[in-house]
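The values are calculated or read from the model by the stated rules, or taken from the named source; none is laboratory data. Keep in mind that what you see is a predicted model, and the values were worked out from it rather than measured. Positions of Cβ are backbone-derived with ideal geometry, glycine not excepted, and every protein chain shown enters the neighbour counts.
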Amino acid sequence: MTHINGDPGEEPGDRQVYQALSTLSDDFIIYAQKKLVRGSKERNPDYVIVHPDLGVIVLEVKDWIKIEKIDEKHAWVYRSSNGRIEQETSPVEQARGAALILASKLEDDLALRNYAGKLNFPYRYAGVLPQLPMSTITWLEKAWGEGAVLGKNHLNPDKLRENIEQIPTPFFAPMTMRELNAVRAILDPCLRISNRGNGAFKGVYDLEQEAIARERIGNQADLPSMGQLESSGNEKTSQTSFITGTTPSVLNRLGRLENTTPEEVKELREPGYIRLVRGFAGTGKTDVLILRAHYIKQQYPDKKILVTTFNRPLLDERLIPELTDLADVYSFDALCSSVFQKKHGTWVLPQSTEGVVARLAISNPLVEEFGQRFLAEEIIWIKENQLNSRQKYLNTHREGRAGTSRSLSRKKKAQVFDLFDCYQDELHAISPHDWPDLHEKVLRELNDDTEPDKQYDVILVDEAQHFAPTWIRILRHFLKPDGALFLCDDPSQSVYRLFSWRQRGIEVVGRTRWLRVPYRNTRQIFEAAFSLIVANPLARKMMEESEDFILPDLENDHLRDGELPQVYHFKNTVDEKEFIQGKVADLIKSGLLPSEIAIMHTQKHVIHSYHDAAQKGILVDDLRRRTGMEFPAVIIPRVQDLVDRDTQYNWEDDQARQQLTFYMAMTRARDHLYLLYEQKWPKPFEPIQSKVVWHVN
């Protein structure tokens with residue numbers, strides 16, 4: 001089906017033309033009722049058509065039912081409403097005027113002009129009069145141009161493309177994809193993507209991104225009913241795996257994850273309309289969400305919109321600056337705090353689970369036996385799945401716990417729950433709650449008698465892979481009963497949580513769209529990072545949850561080419577820091593701003609070390625806080641320290657977890673990626689070896 005933007009006019013003939021154009025193939029891009037402005041000139045043609053082989057076509061539609069006489073530019077039209085004959089400019093002449101304005105707008109773009117200053121592709125125009133008999137259309141063609149007048153018979157779907165091709169044009173020349181996207185961005189400036197810092201042009205939303213962003217809310221033809229989803233959710237659709245070399249034992253364990261889904265989540269009934277947009281790093285999910293918010297506000301100005309995410313830097317640096325005027329933009333924890341304060345009249349800062357576990361380890365040696373990180377993650381998992389009773393926890397299958405921990409015997413699970421009780425005592429001695437407790441309290445209060453201050457017609461969630469089942473249930477209280485939920489996620493970046501969407505209580509089969517082109521990175525950077533994904537069992541499980549999963553398009557013409565990621569070996573940290581200082585100076589000299597350079601890691605001691613040494617303005621941060629963010633240049637020092645091997649995890653699962661984190665770190669880089677290490681290159685990261693340049697001293 002064709003890509004058609006906008007709505008038809010009120011006249012029956014205009015709606016008839018709209019319906020006919022909607023039957024064209026999907027290589028047609030059509031703009032209905034498009035306003036064209038250049039300088040003091042303005043036109044409002046009924047349709048602008050863009051096609052890679054046919055160029056740009058302007059159509060003007062008239063609902064005339066009787067014409068008394070004509071000349072080269074006019075018609076004398078009989079008006080049945082008053083019985084009078086009135087002079088009108090011919091639709092062909094009106095279309096011509098609009099086409100000239102559009103051509104001038106296009107010629108303003110240097111990329112669209114040839115050496116003579118003219119467009120590289122043709123533009124043409126025609127009038128459409130669907131209420132007149134063909135005998136009249138033939139008569140009009142003699143004065144206004146053969147092929148430049150279309151009637152009802154010309155709109156037949158079987159002949160429509162052929163008739164459009166017959167509209168007169170001075171020459172024939174195909175459009176390149178870059179020209180096509182440039183025209184789209186001129187016709188709809190919202191499709192331009194600019195650098196948030198300096199306003200520099202970065203690119204244009206592709207057709208798939210635009211189509212997702214502009215889906216109508218509650219499109220019954222596109223979104224299945226609840227009954228359809230419930231039946232489809234019980235059927236397993238076979239598909240060819242996108243990854244090879246995964247051992248059956250890991251897949252079997254991952255396949256049993258659904259057993260961990262709590263009954264409260266299984267009983268969840270999601271709102272009427274849900275769309276999940278999935279894509280690998282850099283495919284433009286956040287850009288699509290922003291465009292979606294603009295579209296909804298434009299088409300449905302009275303609808304209340306909420307945009308939320310877990311990621312605070314993403315919220316502060318992208319969503320708030322770009323969407324504050326269109327929607328309410330809050331972090332998920334801010335939504336929870338608003339409910340808590342409404343109920344209790346005050347705010348109590350939650351404790352960090354990791355911090356409380358560290359306190360507990362001082363007096364309880366069993367904590368170190370299990371490992372502080374493992375125990376903290378297990379406690380969060382217990383609370384987010386509402387397994388707070390001993391029997392419920394012991395009876396819940398948790399082998400692999402989302403594929404990132406070891407299995408536990410019943411005896412070990414009992415010991416873990418003993419530690420959980422001790423943790424709760426330690427927590428309550430210093431604070432009423434930790435973050436998982438806060439979320440559980442908020443959900444309970446919402447389920448009882450506390451209502452949010454505001455409910456929304458549409459909620460858009462960015463970086464949704466971080467959302468736990470409890471969070472989704474909380475979010476539903478902020479959504480009107482007939483509201484729409486728009487989710488963007490990258491399962492390969494689930495560095496905090498690895499819940500499937502079914503575990504969260506939402507069926508995504510039939511409701512998922514994949515973005516395929518990783519625009520953010522150069523082809524070389526993404527291919528190196530993606531090598532960590534193709535053999536990763538966790539990525540496989542999460543990505544193949546939706547039956548329509550597709551591989552990223554690494555052959556796309558719009559992928560930028562650049563230098564291969566550079567890997568440097570150093571004898572010690574002193575040499576590494578000296579290299580970074582020199583490299584940063586070179587990057588700034590080449591034109592980058594300090595704010596466009598990032599040094600990232602996961603270990604606090606590494607982050608603190610380089611924070612003190614970094615030039616002012618350069619970001620030094622935990623890479624896990626930067627999902628959804630991008631920087632022209634990224635430096636990852638001490639790569640060997642990213643592999644924080646923990647014997648509490650089985651090696652296969654732990655390696656998969658390490659690879660996902662490193663993949664996420666690498667894909668923060670748009671143009672330049674520098675990987676620095678001492679000692680030996682870590683084994684989990686060996687898949688990238690053939691896709692980088694090695695500098696070994």
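Please count how many residues of the range 550-576 are in contact with a Gly (Cβ under 9 Å, 6 or more places away or on another chain) and free of Cβ contacts under 8 Å to residues at least 12 places away in the same chain.
Count: 0.
Taking only the range 180-209 into account, find how many residues are in contact with a strand residue (DSSP E or B) (Cβ under 7 Å, 6 or more places away or on another chain), farther than 24 Å from S25 by Cα and either assigned to a loop (DSSP other than H, G, I, E, B) or modelled with pLDDT of 85 or more (or both).
Total satisfying the criteria: 2.
Go through the range 108-125 and give me each residue that's assigned to a helix (DSSP H, G or I), in contact (Cβ under 8 Å) with a residue 12 or more places away in the chain and exposed (fewer than 15 other Cβ atoms within 10 Å of the Cβ).
A111
Identify, from the list D46, D7, D63, D71, the residue that is surrounded by fewer than 21 Cβ atoms within 10 Å (Cβ to Cβ), closer than 30 Å to Q209 by Cα, assigned by TED's automatic domain parsing to the domain that holds E165 and not aliphatic (A, V, I, L, M).
D7
Check whether at least one residue in the range 625-638 is surrounded by fewer than 17 Cβ atoms within 10 Å (Cβ to Cβ) and in contact with a helix residue (DSSP H, G or I) (Cβ under 9 Å, 6 or more places away or on another chain), and report yes or no.
yes
Scan the range 77-96 and give yes if some residue there is under 15 Å from W144 (Cα atoms) and in a strand (DSSP E or B), otherwise no.
Yes, the range 77-96 contains a residue that is under 15 Å from W144 (Cα atoms) and in a strand (DSSP E or B).
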